[in-house]
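Derivation of every value follows stated rules applied to the coordinates shown; laboratory data play no part. Predicted model, so just to flag it, every value in this text is computed and none were measured. Cβ coordinates were reconstructed from backbone atoms using ideal geometry, including for glycine residues, and neighbour counts include every protein chain displayed.
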Amino acid sequence: MKKNSLTIAELLNQGANYLRDHDCDTSRLDAELLMSHLLNKSREELFLQVDQSTSEEITSQYQKILAKRGEAVPVAYLLG
């Protein structure tokens, strides 16, 4: 059975919560910047498309980049 994909909003909420749990003071902003980078969209575009489903590949990449941010790797390094 195929697993339902998560929406951008769901991933952003999960990401912000994860980063907050890892003592990131800018958890929501960082979650948005990382998602914007992965989807190659502006933050404004994310807000307009929060109900859009994401692929399993994007979900996996997002979780990996969040884990690095959770280890205190600076956002600027992660965004290249």
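Observations, loosely collected:
- Helical content of the chain, expressed as a calculated mean residue ellipticity at 222 nm, amounts to -20000 deg cm²/dmol (DSSP H runs of 4 or more residues, -39,500 (n - 2.57) each, divided by residue number, nearest 500).
- Karplus-based coupling profile of the stretch 59-71, in residue order and whole Hz: 4, 5, 4, 5, 5, 5, 6, 5, 4, 5, 5, x, 8, with θ = phi - 60° in 6.51 cos²θ - 1.76 cosθ + 1.60 and x standing for Gly or Pro.
- Loop-resident sites, the stretch 1-79, for trypsin sites (Lys or Arg not before Pro), counting at most 13 other Cβ within 10 Å (DSSP): LYS2, LYS3
- Along its first, second and third principal axes, ordered by size, the chain spans 35, 29, 21 Å in Cα coordinates.
- Label point distance in nm, ASP25-HIS37, each placed 7 Å from Cα along Cα→Cβ: 2.0
- Separation in nanometres of the label points that stand 7 Å from Cα toward Cβ, at GLU44 and SER60: 3.4
- Amide H to amide H distances under 5 Å link LEU6 with THR54, where only residues 5 or more positions off or on other chains count and H is placed in the peptide plane.
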